[in-house]
Every structure is written in C-alpha cells, then in structure tokens.
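Read-outs: derived from the displayed coordinates by stated rules, not from any lab. In this text, all values refer to a predicted model and were calculated from it rather than measured experimentally. Neighbour counts are summed over all protein chains in view; Cβ atoms, including those assigned to glycine, are modelled from backbone coordinates with ideal geometry.
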Amino acid sequence: MTKRYGSERIKKGLTHFMLGKGVSAITGLGASLLVIRVLSIESFAAYSVLVALVDVIETVSGLGFGHALVRYVPELYSKHFQKSLGRFVFGSLALRTGFLMLMTLVVYAFSAQLAPLVGLSDALVGFKVFLLVVVLRSTAHLSSLILESTLHQGAAQFGFSLSAMTRLIGMCVLLYRHQSALVDVIWVEVIADGLSLLVMLFSISRVVSLKNKDQQNPEDDGFWFRKHSKQVINFALSGYATHLAISAYGGSTNRLIGGSLLTVGAMATFGFAQSLYEYVRRYMPAQLLIGLIRPIVVSRYCEKRDFSAPASLCANILQINILLIAGGIALLVVGGGDVLALISGGKYSVDAVPVLIMLFVVLILDTQRQLLEVLAVTIERYDHLILSYILLSVSVVIAVFLVPTLGAVAFPVANALALLVTNMWIQHKLSKDTKFRIRHDWVAIFKVIVVCEMALLVGDGTKYLGLPWYYALLLSTIIYSTLAFLLCGNMVRNFIKDLTGRSKAPAAI
C-alpha cells in the first residue's frame with residue numbers, strides 16, 4: 001500500500017475522525033434537541049419536510065460527480081498525480097456547483113407552485129430561504145468527499161464540527177431571545193453551513209496544491225483526465241443513474257410524501273422519529289467511518305485486485321453496526337416512550353416509539369445495502385445496483401397504500417421489505433462476478449439476539465417490580481453492554497485488525 005494510504009496515515013485519520021465526530025456528535029445532538037424545543041409542532045412538521053429538499057435537489061443535480069470523485073481521487077492521490085488531481089477536483093466542483101445553483105434558481109422561480117405540493121403552502125418564505133441551505137450543504141458534502149478520499153479527516157471533521165457548534169450557539173441565542181419562527185432557525189442553518197463550506201474549500205485548495213510537500217510522480221503530465229475521460233464519464237453517469245434510481249427511496253422522499261398524506265401531528269411525530277433515526281444513523285460505525293473506509297477499500301482492491309480484502313472489511317463493520325442498533329431497539333422497547341417525552345419536552349412520546357423501532361430495523365438492512373454498494377462501486381459494477389435500486393424506489397408506492405392502515409409506520413415497513421429483496425440480489429450478483437462467496441455470519445447474529453433478549457428480560461423484570469423507568473433503562477444498558485463485551489468483543493477486534501490489514505478472516509456480510 002502507498003504511503004498516502006499506509007497504516008500511519010490511517011491511524012492519524014482515524015484519530016482526527018474520532019475527535020471531530022465526538023465534537024460534532026455532542027453539539028449536533030444539542031442543536032437538534034433545541035430545534036425540537038424551539039419550534040412549534042406545526043413549524044417542526046414544515047421543517048421536517050424542508051430538510052428533505054437537500055437530498056432531493058442534491059441527487060438530481062449530482063450528475064455523478066460525487067461517485068467519480070470517491071472512486072478516482074484515491075487512485076490519483078495514491079499515485080502522486082498532483083496536476084491531474086487538481087484539474088479533476090476543481091473541474092468537478094465548478095461544474096457540479098454551477099448545475100446545482102441553476103437548478104436551485106429554477107426551484108426558487110416556481111416555489112409558489114411547488115411548496116403547496118409538499119404541504120408547505122403556509123411556509124413559503126421558509127421554503128425560499130431554505131434553498132440557500134440546499135446549495136451550501138450540498139457543496140459542503142461534495143467537498144467533504146474529496147477530503148475524506150485523500151484521508152484528510154482533520155480538515156473534513158473540523159468543517160463539520162464548526163457547523164454543528166455554530167448551529168448549537170445559534171439555537172441557544174434563539175431560545176434565549178424567545179424567537180421561535182421557522183425562518184430564524186433556517187438562517188442559523190445558512191450561517192453554519194456557510195462557515196463549514198469555507199473551511200473545506202480552503203483545505204481542498206491546500207491538498208491539491210502543486211506545492212504539496214509530497215513528491216510528485218514524474219509520469220503525471222496533467223492530462224490524466226483526457227486519457228481516461230471516457231472511463232470516468234461512463235462511471236459517473238452510471239453512478240448518477242444509480243442515484244436517480246434510488247432517489248425515491250429513503251427519508252427524504254418519505255418526508256415529502258408524508259407532508260401531503262399525514263396529518264400535521266402525525267407528520268411532526270414522523271419527522272421527530274426520522275430526525276432521531278438520521279442522527280443515530282450518522283454516528284453508526286458503518287456510516288461514521290464510510291469516508292475513511294471507502295478510500296481504503298478502493299486502494300486495497302486497486303493494489304492487488306483481491307476482492308476478499310474489501311469484502312472482509314465491510315463484513316466486520318456490518319457486525320458492529322448490528323450489535324449497536326440491536327441495543328438501541330432493546331432500550332426503546334424498555335423505556336422509549338419516557339425518553340422521547342423527556343428530550344422533546346413532552347411533545348412526542350409513545351406514538352413515536354413504533355416508528356423509531358421500525359426505522360432501526362431499516363437501518364440494519366440499509367447498512368448492509370450501503371456496504372454492498374461500496375463493494376459494487378469498487379469493482380465498477382453499477383449495473384447491478386440500478387435495477388435493484390429501482391425496486392427500492394417502488395417501495396414508496398407500497399407505503400402510500402399502507403398509510404391508511406399503518407400511518408407513519410408504513411414508510412419504514414415498505415422500505416424494509418424492499419431492502420430484503422435488493423440486498424439478496426446485489427449479494428448474489430457480486431458473488432457471481434467475483435467468484436467469492438459472500439455469506440452471513442449467523443453465529444454472530446445469534447449472539448446479538450441473545451444479548452438483546454437478556455437486556456429486555458432485565459428491563460421488563462425491573463418494571464414489573466414497580467421501579468421507575470429510568471432504573472429499568474439503566475439496568476438494561478448495563479446488562480447489554482456487559483454481555484456485548486463478553487460475547488461480541490471479538491467483532492471490534494476483528495474490525496481493527498482488518499482496517500490495519502492484519503486480518504485474513506473470510507467475509508460474511
């Protein structure tokens with residue numbers, strides 16, 4: 001492995017990553033809880049729908065630039081092709097941002113017609129102002145992919161942490177001044193995302209600079225893209241088609257459809273559960289470390305063309321995710337309603353528990369999908385993803401028919417059913433292409449089930465004795481953590497060995 005993706009840089013990147021995520025996790029959670037407390041139920045329902053605009057517009061305006069960057073930036077950076085890296089990165093950023101701004105202007109021009117379609121006829125001003133958040137946040141996300149692909153986690157995490165800290169401070173100011181207007185909250189988001197973007201763009205300019213202290217490769221003539229343009233463009237378009245195919249699946253579409261189908265109270269409850277789900281998802285190991293793992297997976301595969309190495313790494317991190325998510329489900333069953341009422345100031349409680357539990361089930365399946373996607377992208381087989389992701393998008397149609405019966409729970413139920421089918425399909429196609437059997441580690445899953453059941457028994461037993469809910473929650477947490485360490489501690493050890501290239505265990509995903 002090259003020096004730029006060697007163990008020392010991986011360790012340094014992991015350190016910066018954990019420090020940055022620690023800061024952004026604490027401040028981000030605080031800011032999110034303050035948003036829930038500051039906004040009324042009606043305003044929070046509108047805010048929940050607006051958040052979906054970022055993903056929707058980012059997807060349509062993406063044109064595959066993000067997919068191409070995460071695939072080819074590690075290759076260029078590892079080969080020390082600084083001239084080609086600079087042209088590729090800045091060219092992609094300029095084109096993508098230009099198209100994003102053009103699309104945002106079109107949406108702004110027709111905002112009076114579009115806002116009522118998603119239940120925002122009473123929040124037209126907020127709809128217009130939030131388009132600034134869309135531009136800034138989408139560009140910052142693309143910039144973070146570049147920094148993560150070159151293992152410059154320090155710069156990327158500083159940008160995210162600065163955004164979260166600014167957001168927290170802004171929400172505290174609004175709470176202190178008793179300002180609860182939706183537009184005020186949105187302007188805080190604009191300032192936070194703007195600062196984050198400035199930090200990341202400055203860092204990118206330093207990373208791709210020709211004055212970079214690492215020695216340039218003499219083979220780099222600055223025309224790498226011209227030589228490989230057809231390959232890169234085809235890959236980007238395939239990635240774009242895949243992203244469009246899956247665009248109707250997930251939280252953003254659920255928010256938009258829910259805004260027109262659910263009552264205000266039900267939409268606010270769903271938005272609250274979805275916000276907590278997205279926060280938890282963001283800090284799960286697979287999603288948390290994806291920016292660190294993706295370039296390592298690509299670099300290792302490009303070095304030896306050995307599919308077992310990246311497959312094993314993805315399998316190990318999936319097991320850790322399942323262990324943590326199962327713990328969350330157990331704690332929700334034991335004391336979820338009381339916890340949700342506490343953090344929301346009594347606005348949301350028991351009604352949000354079944355939605356959140358089902359979303360956690362979706363999170364397990366979606367984690368597997370995301371890791372399978374990383375493997376498919378690594379071997380440049382987007383064709384397997386497109387057909388399967390069209391099926392995922394169809395799940396929203398199923399959800400629409402289930403809403404009258406299941407309410408907000410219909411969305412995660414439909415998503416989970418579609419994920420089961422698509423994950424099996426992608427796994428089968430990857431095994432067929434690589435001649436490598438991708439299997440499930442049922443022993444590890446059984447251990448997680450045992451740990452989860454024991455925590456539930458202790459929690460239910462504590463409540464049966466008449467003790468307060470927080471005692472039941474505390475004892476369940478202690479039991480789950482202890483048994484998880486004793487029975488499943490090897491999952492973490494295997495992942496660390498795999499990340500540093502010292503494990504040779506077969507993959508099970």
### Task
Consider all pairwise Cα distances in region 355-433 and report the whole-number % of them above 17 Å.
46 percent
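So what is the diffusion coefficient of region 53-130 in µm² per second by Stokes-Einstein at 10 °C and 1.306 mPa s, using a Kirkwood Rh over Cα pairs?
Values: Rh = 14.5 Å.
In µm²/s, the coefficient is 109.
Can you give the FRET efficiency for residue 125 and residue 231, using 1/(1 + (r/R0)^6), R0 = 35 Å, r = Cβ-Cβ distance, to the nearest 0.05?
Values: r = 46 Å, r/R0 = 1.31.
Once the sixth-power term is evaluated, E becomes 0.15.
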## Note on the structure
In whole µm²/s, the translational diffusion coefficient that Stokes-Einstein assigns to region 234-281, given a Kirkwood hydrodynamic radius over C-alpha pairs, 4 °C and 1.567 mPa s, equals 106 µm²/s
### Task
Based solely on C-alpha atoms, express the radius of gyration and the Dmax of region 162-203 in angstrom.
11.2, 37
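Tell me the volume per residue, in Å³, of the convex hull enclosing the alpha carbons of region 1-214. Display every interim value, and only then the final one.
Working: hull volume 23.4 nm³, N = 214.
Once divided by residue count, the hull of region 1-214 is 109 Å³.
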#### Entry: region 11-73: translational diffusion in µm²/s, Stokes-Einstein, Kirkwood Rh over Cα pairs, 20 °C, 1.002 mPa s
144 µm²/s
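In the structure displayed, which of 83/230; 227/429; 83/227; 128/347 lie more than 24 Å apart, Cα to Cα? Write down the numbers at each step before the final one.
Working: 83/230 19 Å; 227/429 30 Å; 83/227 14 Å; 128/347 27 Å.
In this structure, 227/429; 128/347 exceed 24 Å between Cα atoms.
Could you order peptides 414-423, 346-355, 267-276 by the average number of other Cβ atoms within 10 Å of their residues, highest first?
Order by mean packing, descending: 267-276, 414-423, 346-355.
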